[in-house]
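The values are calculated or read from the model by the stated rules, or taken from the named source; none is laboratory data. In this text the structure is predicted, and so the values were computed from the model without any measurement. Every residue, glycine among them, receives a Cβ derived from its backbone with ideal geometry; neighbour counts consider all protein chains shown.
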Amino acid sequence: MTKKNWSARTRDDLIIEVWEHLDCESVGADELQRIQSALLERFGAGALTSPAAIARVVADEGAVLRHPEVFECDRQWREAVLKSLSFGDSLDFSTAPRSFESVVRIEEERLRLSDNADGLRELRDVVTALKTELTLNARSQIIAEAQRTLLDEVAQWLTVWLQSPELFSDWLDLRRRSPEFRTKFPDA
């Protein structure tokens, strides 16, 4: 897309303005990437948001989404963000102990990024996506009941982390000591 002087003053307004400028009936990976480029150009890295979030904004305005492209574009973007963060692809939610280690890595990353607003925003986007993915998997009937219980538990941890990151470590320590947790996850 050629460089253009956008008039929008907010991120969502710019997303809509660029989408309208593209004059496309449906939105997929190419359009999402072009909108991300415009966000970066106009507002800087702090305004950059996930392809899924952009897709929600344009869908609310009536865009038809090419869902497979949107999902793949969002997955690739999140993968790139994960690799840029210090824990990379080392998050593992297959067992209670590994899940605990993974959320500790997330918390360590938050502390490492405490003076980096853009980095914290990216981390928050990644954790939000992880929570959504874990929640969806916890509802899947093709996953074993014990694994679904664990995924639901970890999704709750990430919900608390998103709501109160400063209190998360203390809360998680208390949660892991609770009788209910010890009964559900004796190997933790």
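Here are a few things to note about the model shown:
- Region 1-30, subset acidic (Asp, Glu) and under 15 Å from residue 61 (Cα atoms), residue surrounded by the most Cβ atoms within 10 Å (Cβ to Cβ): 17
- Taking region 165-188 as the range and being within 15 Å of residue 97 (Cβ to Cβ) and part of a loop (DSSP other than H, G, I, E, B) as the test, the residues that pass are 185, 186, 187, 188.
- Residues of region 6-21 classified as closer than 12 Å to residue 41 by Cβ and either without any contact (Cβ under 8 Å) to a residue 12 or more places away in the chain or under 24 Å from the mean Cα position of the chain (by Cα) (or both), total: 2
- Here the condition is being more than 25 Å from residue 53 (Cβ to Cβ) and out of contact with any His (no Cβ under 9 Å at 6 or more places or on another chain); of 112, 175, it holds for 175 alone.
- Restricting region 97-128 to residues that are crowded, with 17+ Cβ neighbours inside 10 Å, farther than 13 Å from residue 161 by Cβ and in contact with a helix residue (DSSP H, G or I) (Cβ under 6 Å, 6 or more places away or on another chain), the residue that is modelled with the highest pLDDT: 113
- Single residue of region 129-149 satisfying the filter (within 28 Å of residue 49 (Cα to Cα) and either outside the structural domain of residue 176 (by TED's automatic domain parsing) or basic (Lys, Arg) (or both)) that is surrounded by the most Cβ atoms within 10 Å (Cβ to Cβ): 131
- Selection of region 32-51 for residues being surrounded by 16 or more Cβ atoms within 10 Å (Cβ to Cβ), closer than 18 Å to residue 128 by Cβ and at pLDDT below 85 yields 47, 48, 49, 50.
- Single unsatisfied condition, residue 103 versus (1) closer than 23 Å to residue 56 by Cβ; (2) in contact (Cβ under 8 Å) with a residue 60 or more places away in the chain: (1)
- Filter pass, residue 172 being at pLDDT 95 or above, aliphatic (A, V, I, L, M) and surrounded by 15 or more Cβ atoms within 10 Å (Cβ to Cβ): yes
- Odd one out for residue 78 among (1) surrounded by fewer than 18 Cβ atoms within 10 Å (Cβ to Cβ); (2) touching a residue at least 12 places away in the same chain (Cβ under 8 Å): (1)
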